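Q: I am attaching a structure below and will ask some questions about it afterwards.
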Amino acid sequence: MQTLTSTFMERFQSTFGYPPDDNCVVPASTSESGESSSLDDLPQELITFYRHVDRVSLPDVGSGFFVHPVDQTLGGMRGDLPTRIVGSREDSVVVFGSDGGGALFALSTSDESTVYRLPPARVEDGVYTEGSIPCEVVAPGLAAYLSLLEQELQCAG
C-alpha cells in the first residue's frame, strides 16, 4: 500500500490538475510507547495492524479514508467514540477509522471480524443509534477492509 500511495502522489497533480493533500501510510514506531501496553484491549486483528502501521491517511481517495492512530482508537474505547451500535444491527464495536464524509469504520468486538460503516447519526454515551441511513457491513474482516482501501487507491491512481 505504501508503494501505491507513493505512485498515487507522484501522478496526482498531472491527473487532477491540483496538488495532492498528505496521502500516506505511516509505519508503526519501533520505540515503546505508553499505548503499546494497552494494545491488549483491542481485537486481535487491530493489534496485528497497529504493530506494523501507525495510521493510514488517504484524503484524496474517494471522499477520503483514514485509519486512526492507535491512541485515537484507544481513546474511542474510553468513550470518545461509539462503542456500541443499536438499530437494525446491534453490536459492540471499536471505531478505528473514518471517511471524509463523516462516517466511521468500526470492528465488531463480538466476532472480532465484521467491519461496519457507520454513517453520521446520533451518538450518546458511547451508543451509536442508526438514523435514516443504516450502518452497513463493508468487509468480513480488517484484512478485507484494507484490501478494499488498496483497491480504491489503485482505481484513484
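The values are calculated or read from the model by the stated rules, or taken from the named source; none is laboratory data. Small disclaimer: the values here were computed from a predicted structure and weren't measured. Note that each Cβ is placed from the backbone with ideal geometry, even for glycine, and that neighbours are counted across all protein chains shown. Areas reflect the complete protein model, heavy atoms only, side chains present, ligands, DNA and RNA absent. Shrake-Rupley method; radii C 1.70, N 1.55, O 1.52, S 1.80 Å.
Q: Write down the radius of gyration of the stretch 76-157 and its Dmax, each obtained from C-alpha positions, in Å.
A: When restricted to Cα atoms, the stretch 76-157 yields Rg and Dmax of 12.6, 40 Å.
Q: In what sequence, highest mean first, do 2-11, 96-105 appear when ranked by Cβ atoms within 10 angstrom? Kindly include the intermediate steps, with their values, before the conclusion.
A: Details: 2-11: 14.5, 96-105: 19.5.
Answer by packing, highest mean first, reads 96-105, 2-11.
Q: Once you have the Cα-Cα distance between residue 40 and residue 88, take 0.36 nm times their residue separation minus that, and quote the gain in nm to one decimal.
A: 14.3 nm
Q: How large is the helix-only mean residue ellipticity at 222 nm for the chain, computed as the sum of -39500 (n - 2.57) over DSSP H runs with n ≥ 4, divided by its residue count, in deg cm²/dmol to the nearest 500? Kindly include the intermediate steps, with their values, before the conclusion.
A: Details: 4 runs with 45 residues, N = 157.
Here the helix-only value at 222 nm equals -8500 deg cm²/dmol.
Q: State the three equivalent ellipsoid semi-axes of the stretch 1-127, derived from the C-alpha gyration tensor as the square roots of 5 times its eigenvalues, in descending order and whole Å.
A: Over the Cα atoms of the stretch 1-127, the semi-axes work out to 27, 20, 11 Å.
Q: Considering Cα pairs under 8 angstrom that are at least six residues apart, work out the relative contact order of the stretch 34-77 and quote it in whole percent. List each step's numbers first, then the result.
A: On the way: 28 pairs, mean separation 14.1, N = 44.
32 percent.
Q: Something else: From the phi of every residue in the stretch 82-88, what ³J(HN,Hα) in whole Hz does the Karplus formula 6.51 cos²θ - 1.76 cosθ + 1.60 yield, where θ is phi - 60° and glycine or proline is x?
A: Values, residue by residue: x, 10, 8, 10, 9, x, 5 Hz.
Q: Of all accessible surface on the stretch 31-157 at a 1.4 Å probe, what whole percent is carbon and sulfur? Walk me through the intermediate numbers first.
A: Values: 2790 of 5990 Å².
Roughly 47 percent of what the probe reaches on the stretch 31-157 is carbon or sulfur.
Q: With a sphere of radius 9 Å drawn around the Cβ of residue 85, what net charge do the other residues whose Cβ falls strictly inside it have (Lys, Arg +1; Asp, Glu -1)?
A: Numbers: positive: 84, 89; negative: 90, 91, 130.
Net local charge, residue 85 excluded: -1.
Q: DSSP beta bridges in the chain, what fraction antiparallel, as a percent rounded to 5? Walk me through the intermediate numbers first.
A: Values: 27 of 30 bridges.
Here the antiparallel bridges make up roughly 90 percent for the chain.
Q: How much accessible area per residue does the chain have, in Å², with a 1.4 Å probe?
A: Values: 8030 Å² over 157 residues.
Accessible surface, normalised per residue, equals 51 Å².
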